[in-house]
Amino acid sequence: MSIPKRTLGRTGVEVTALGLGGVCWCLAETDAAAVEVVHRAIDLGITYIDTASGYKDSERRLGLALKDRDRDRLFIATKCAKRRGDAARRELEESFARLQLDVIDLVQLHAIDQDGTLEEVLADDGMLRLIESYRRAGRIRFVGLTGHTDPACFTRLLAEYDFDTLLNPAGVVNAVWNDFTRSSLTAARARGMGTIGMKVMAYGQAPAADRADYIRYAMGQPVDVAIVGMDTVQHVEENVAVATAFHPLSADDEQALLNRAMELVQRNRTELWWLPEQRVPA
């Protein structure tokens, strides 16, 4: 058995339904430990690898790991936070240098919901125009956008540019207080975009006993790939085992998980990402 694969929307690229998130293993104590996590994920079949320019040493360490791997069977996705001008160009060039890649599969505008508009990135010197130039040169294959807080914002933004992918939260905790799966992710899928789910493990708060069901829940949502942060080889092996044996949760099991997620929200609200205007149900 192997990890299920799905087509990432209009990109036409087949990727594993479980992806390796880049925000955890980059915090490993040594380069060697981080590289070992990446190698183990690839050895066990994961093909979608997530990173970002702002994730500490994530891009650089991923670059070290990729030197020894068959790049053609992997899909590398990074994110950029700068919006325009020389800062945007520097950020993009630094990503290429740290990753040690000539071609990046997917570059995503990061946390775009914090701006609420694409005006800056669509300017003549904006990041989207820069990405377009790299794309024409064959150095970037696809372009996407990401964000954590405002599904309504993304539903609006999808009509403003022909993005290839959307990365939004798709975990069970978001389902009970700030749901993207029935709004922006569903809208993106209807447009033929690739859909990517994050925050699978409830911002690091998932109870150990529920981790497998958190992965099953996310993989059962309208996403082509669910990315999970993994900071040890053991976590990689455990998560891959769950993904390999994936089966959707039953209706009763899903409802029980949603109920437990609401309890987690009530206990840990200060440790989760909240919108100022949101109120957690009493």
So Gly45, is it assigned to a loop (DSSP other than H, G, I, E, B), at pLDDT 95 or above and at positive phi: yes
Out of Asp86, Asp68, sole residue that is farther than 23 Å from Ala226 by Cβ, acidic (Asp, Glu), part of a helix (DSSP H, G or I) and out of contact with any Ser or Thr (no Cβ under 6 Å at 6 or more places or on another chain): Asp86
Identity of the residue in the stretch 138-179, acidic (Asp, Glu) and under 18 Å from Val225 (Cα atoms), that ends up modelled with the lowest pLDDT: Asp179
Positions within the stretch 114-132 being surrounded by 13 or more Cβ atoms within 10 Å (Cβ to Cβ) and among the charged types (D, E, K, R), in sequence order: Asp115, Glu120, Asp125, Arg129, Glu132
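Determine which member of the set Arg89, Arg83 is surrounded by 14 or more Cβ atoms within 10 Å (Cβ to Cβ), of a type in the set (Lys, Arg), out of contact with any strand residue (DSSP E or B) (no Cβ under 6 Å at 6 or more places or on another chain) and modelled with pLDDT of 95 or more.
Arg89 is the lone residue from the list that is surrounded by 14 or more Cβ atoms within 10 Å (Cβ to Cβ), of a type in the set (Lys, Arg), out of contact with any strand residue (DSSP E or B) (no Cβ under 6 Å at 6 or more places or on another chain) and modelled with pLDDT of 95 or more.
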Neighbours by Cβ (under 8 Å, 6+ apart or cross-chain): first from the stretch 111-128, within 22 Å of Pro169 (Cα to Cα); second of a type in the set (Val, Ile, Thr) and surrounded by 20 or more Cβ atoms within 10 Å (Cβ to Cβ): Ala111/Thr146; Ile112/Val121; Ile112/Thr146; Leu118/Ile112
Residue count, the stretch 133-156 (criterion: surrounded by fewer than 23 Cβ atoms within 10 Å (Cβ to Cβ) and in a loop (DSSP other than H, G, I, E, B)): 6
Residue count, the stretch 185-222 (criterion: among the hydrophobic types (A, V, I, L, M, F, W, C) and over 23 Å from Tyr55 (Cα atoms)): 9
Hits in the stretch 105-117 - residues which are of a type outside the set (Asp, Glu) and closer than 15 Å to Ala152 by Cβ: Ile112, Gln114, Gly116, Thr117
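Scan Asp70, Asp124, Asp86, Asp102 and give me the residue that is under 25 Å from Lys5 (Cα atoms) and out of contact with any Cys (no Cβ under 6 Å at 6 or more places or on another chain).
The unique qualifying residue is Asp70.
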Filter result for Arg6 (of a type outside the set (Gly, Ala, Ser), surrounded by fewer than 20 Cβ atoms within 10 Å (Cβ to Cβ) and assigned to a strand (DSSP E or B)): yes
Test: Glu36 is surrounded by fewer than 24 Cβ atoms within 10 Å (Cβ to Cβ), in contact (Cβ under 8 Å) with a residue 24 or more places away in the chain, of a type in the set (D, E, K, R) and out of contact with any Pro (no Cβ under 7 Å at 6 or more places or on another chain): yes
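The values are calculated or read from the model by the stated rules, or taken from the named source; none is laboratory data. Just so we're clear, the structure is a prediction, and the values are computed from it rather than from any experiment. As a convention, Cβ positions derive from the backbone with ideal geometry for all residues, glycine included, and neighbour counts pool all protein chains shown.
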